Amino acid sequence: MNTQAKALQFNHLSLLPIDSLAALFGGLICLSFSPIFIRLSEYDLSPNATIFNRFWIAAIAFGLLSRFITIHYRKRKNETQIESEKPHLAKAAKLLIADGVILSIGLMFWAWSLTQTSIAHSTLIHNLVPIFTVLGGWLALSQTVDRRFMLGMFVTIFGSALLDVNDLFSLRMSAELLGDLAALLSAVFFGIHPLIIKQLRNQFSPVTIMSWSSTTSALLLLPVVLITEDQLFPSSLSGWLSVIGQALISQMLGIGLWVYCLKKLSPGFTSLTALFIPFLSAVEGWVIFSENLNFSTLVSFMIILLGMSLAISSRSSVNPEIKSSN
């Protein structure tokens, strides 16, 4: 029986596409710098203005990349690649726009939480995303996961809960607890995001999806920033470098590579691997901002990584279409 179980686990691991895994972990490294860029830019800008600048710069970058790809295909006389997405755009427009709305609201909550609590706390709670991704997939798409994956999820929840045990027992609504709550709300919105992307990846390229998402988010945030904020753009070189870094590294490379992976990997799996991000971000916060890494935070990291390893070793990490084709 043990031999059979090992054989099944080996077959499962062999189904994981190497190119998607490489892109996934490259995207996670890029995304780990997101809270650092947000914290740096907020010396100049409010959270909403910070996120607005991230989106409009990313929208321009994705637009230029899309134009470059179009010219490249035309030079190779491969018009099929250019025209294949056009019939689907009108039908999927609502879903493309909805993705931008959900992503922008989630980022607004997360950016605000980083002004109220530490990078380690905010990033760990924000990365409870897989819980809401799996729950949403089960409720809306009838997706199921196996017991090993669920065990990994519960272990991950327990590890994350250790972070706020002191605040929860203090019986007071501190600024840090409010920041943690905002991070939790951002996780809810980001949990819905991969479920939408999964539907869109069957018809569109990552560049097309992210072009729509970034443009929609920028247009949504523009009136909010104009009404609520005094300053729209950074006023210093460091501020501009921070928002440009967010747009090109976190948004374009980080989320762009992550979107690419969702054609072959399951939403729950890609969301769960994002729990590597808190460790990277916390170390970066310790190096750059001298934020304290206490023992309970390190214990939480270890428990979360244990839960993630259990979930990764389950068959639920592979896209069902990939499993059925093998």
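Exactly one residue out of Ser235, Ser271 is surrounded by fewer than 24 Cβ atoms within 10 Å (Cβ to Cβ) and either outside any helix (DSSP H, G or I) or modelled with pLDDT under 85 (or both): that is Ser235.
Screening Leu24, Leu45, Leu31 for residues that are over 23 Å from Ser309 (Cα atoms), of a type in the set (A, V, I, L, M) and either in contact with a Cys (Cβ under 8 Å, 6 or more places away or on another chain) or at pLDDT 80 or above (or both) leaves exactly one candidate, Leu45. Scanning segment 176-190 for residues that are within 9 Å of Ile125 (Cα to Cα) and among the charged types (D, E, K, R) returns a single hit, Asp180.
The values are calculated or read from the model by the stated rules, or taken from the named source; none is laboratory data. Treat the numbers as computed from the prediction; the structure is a model and nothing was measured. Don't worry about glycine lacking a Cβ; one is built from the backbone with ideal geometry, like all the others, and counts go over all protein chains shown.
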